[in-house]
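Peer 1: Okay, here's the structure, questions in a sec.
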Amino acid sequence: MKLPFLGGLTAQQFIREYWQKKPLLIRNAFPGFGGMLTPDELAGLACEADAQSRLVLHTRGKWKLETGPFEEQRFATLPDKGWSLLVQGVNHHLPEANALLQQFDFIPRTRLDDLMVSLAPDGGGVGPHFDSYDVFLLQGRGRRLWRTSEQQDLALVPDAPLRILKNFVIDEEWVLEPGDMLYLPPRLAHWGIAMGECMTWSVGFRAPSVQELATQFLVYLQDHIQLEGLYTDPDLQAQRHPALIGGQMVRRVREMLAGVRWNSDDIACFLGTYLTEPKAHIVFDPPRRLKLEKFRVRMRRDGILLDLRSQMLFYGDFIFINGDHVQQAGDTLQCLTALADHRAIPAGLGLPEPAVILLHQWYGAGYLQFPE
Ligand code: SIN
Ligand code: CO
């Protein structure tokens, strides 16, 4: 199916030709997109305790970084030029932003990070840099000049509080108007400069490092391995050095550790819990207690939604939600995988009892919400 916001490419064509490979500019990807937030509303979000926000300042050739949440007063004292406000996870606050993210469902959610919105006055931005992310940069209000570079020189300005490229050599540049979108693959150097007041919406896809995946997997494994027995050495050799770690012991422990095994289910369960684990600043608010009977009636009447901050994935008969997992079968499994895919269960469905019980528990934990 051709996707209009990919300039008429199908998801497959986009992935084959551009994803992780080269930039793509799509003019008028989202016609009329002015952004769903005003600059004041974005600044308001940056003042909320659970928003991850940053203010990047560039004055007299020096870069400065402040992290939120901010006092409202901070925005009244900003200079006219030389700054940019960045707010991560806007999809956790705004249903419309979450709906925008769902348009990018042609890329698996296992790769999705979040939606970041930036605001900058004329000339503002975060300087030339590269990211380890795939990103779709959607222009909201105003215009932005984007410069990209294929340069291999990724040396950074020393002692800057954020990663700024020391030598940026422009290869290409484009001016994005509201609704235009630029896809950039990871590690491609880029530099966005506001032309007048400008808001940019970035749909970011995370790419964990091999090191991070491996260390997190080892943490997971630690809680999930079950090895029997004790170290034994009936054939112990007397040694001249009592303090020496004997070669025999090293060989035997090596053999014992070779018993630490894992299969695809272990890897999938690790991925499911790791990828759905809420970020440290996210705290779910449990609602007022609702008895199972009332919950069932209300869900049938109104349907139910995943909370904007909830992350849900599945693998085979394993369902993962916000770092927890359950194993289900049959209709219940079907109902839960549909919830994971669509982030909603429509009204009017009679759900299997085990599904209702689970959903009731998740509702109690603040993972689900009734539609407003
Ligand atoms: C921005 O919106 O200013 C930053 C986006 C980026 O360069 O990754
Ligand atoms: Co960037």
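The values are calculated or read from the model by the stated rules, or taken from the named source; none is laboratory data. Keep in mind it's a predicted model, so treat the numbers as computed, not measured. Positions of Cβ are backbone-derived with ideal geometry, glycine not excepted, and every protein chain shown enters the neighbour counts. Note: accessible area is taken over every heavy atom of the protein model, side chains too, but ligands, DNA and RNA are not part of it. Shrake-Rupley method; radii C 1.70, N 1.55, O 1.52, S 1.80 Å.
Peer 1: Tell me whether the range 119-134 contains one or more residues that are open to solvent by less than 50 Å² (accessible area, probe 1.4 Å), among the aliphatic types (A, V, I, L, M), under 17 Å from the mean Cα position of the chain (by Cα) and modelled with pLDDT of 95 or more.
Peer 2: No, the range 119-134 contains no residue that is open to solvent by less than 50 Å² (accessible area, probe 1.4 Å), among the aliphatic types (A, V, I, L, M), under 17 Å from the mean Cα position of the chain (by Cα) and modelled with pLDDT of 95 or more.
Peer 1: Taking the conditions exactly as written (open to solvent by 20 Å² or more (accessible area, probe 1.4 Å) and outside the structural domain of R109 (by TED's automatic domain parsing)), does D341 satisfy them or not? Give the steps one after another, and end with the answer.
Peer 2: Details: open to solvent by 20 Å² or more (accessible area, probe 1.4 Å): yes; outside the structural domain of R109 (by TED's automatic domain parsing): yes.
Answer is yes for this residue.
Peer 1: On the given criteria, is G192 within 12 Å of ligand 1 (Cβ to nearest atom), assigned by TED's automatic domain parsing to the domain that holds G89 and modelled with pLDDT of 95 or more? Before you say what the answer is, go through the steps one by one.
Peer 2: Numbers: within 12 Å of ligand 1 (Cβ to nearest atom): yes; assigned by TED's automatic domain parsing to the domain that holds G89: yes; modelled with pLDDT of 95 or more: yes.
Criteria met by G192.
Peer 1: To continue, here is another question. What are the residues in the range 341-372 that are under 27 Å from the mean Cα position of the chain (by Cα) and modelled with pLDDT under 95, if any?
Peer 2: Listed by number, the list holds a single entry, E372.
Peer 1: Mind checking which pairs have a first residue in the range 127-144 that is under 19 Å from K81 (Cα atoms) and a second that is acidic (D, E) and more than 10 Å from ligand 1 (Cβ to nearest atom), Cβ under 6 Å, 6 or more apart or different chains?
Peer 2: What qualifies is G142/E197; R143/E177.
Peer 1: I'd like the full set of residues that are under 21 Å from Q151 (Cβ atoms), open to solvent by less than 40 Å² (accessible area, probe 1.4 Å) and assigned to a loop (DSSP other than H, G, I, E, B), limited to the range 169-200.
Peer 2: Scanning the range 169-200 gives P185, P186, L188.
Peer 1: Among the residues of the range 129-162, what is the count of those that are closer than 20 Å to L25 by Cβ and out of contact with any Gly (no Cβ under 9 Å at 6 or more places or on another chain)? Break it down stepwise before answering.
Peer 2: Of the residues in the range 129-162, the ones closer than 20 Å to L25 by Cβ are 129-131, 133-151.
Subset that is out of contact with any Gly (no Cβ under 9 Å at 6 or more places or on another chain): 129-130, 148-151.
Counting residues in the range 129-162 that are closer than 20 Å to L25 by Cβ and out of contact with any Gly (no Cβ under 9 Å at 6 or more places or on another chain) gives 6.
Peer 1: Now for a separate question. Right, Q151: surrounded by fewer than 19 Cβ atoms within 10 Å (Cβ to Cβ), in contact with a helix residue (DSSP H, G or I) (Cβ under 8 Å, 6 or more places away or on another chain) and more than 28 Å from D40 (Cβ to Cβ) or not?
Peer 2: Against the criterion (surrounded by fewer than 19 Cβ atoms within 10 Å (Cβ to Cβ), in contact with a helix residue (DSSP H, G or I) (Cβ under 8 Å, 6 or more places away or on another chain) and more than 28 Å from D40 (Cβ to Cβ)), Q151 does not qualify.
Peer 1: Next question, about the same structure. Between residues in the range 298-323 that are under 18 Å from E372 (Cβ atoms) and residues that are open to solvent by 60 Å² or more (accessible area, probe 1.4 Å) and outside any loop (DSSP other than H, G, I, E, B), which pairs lie under 7 Å by C-beta distance while being six or more apart or on different chains?
Peer 2: Cβ pairs passing all conditions: L305/Q369; D307/Q369; L308/P95.
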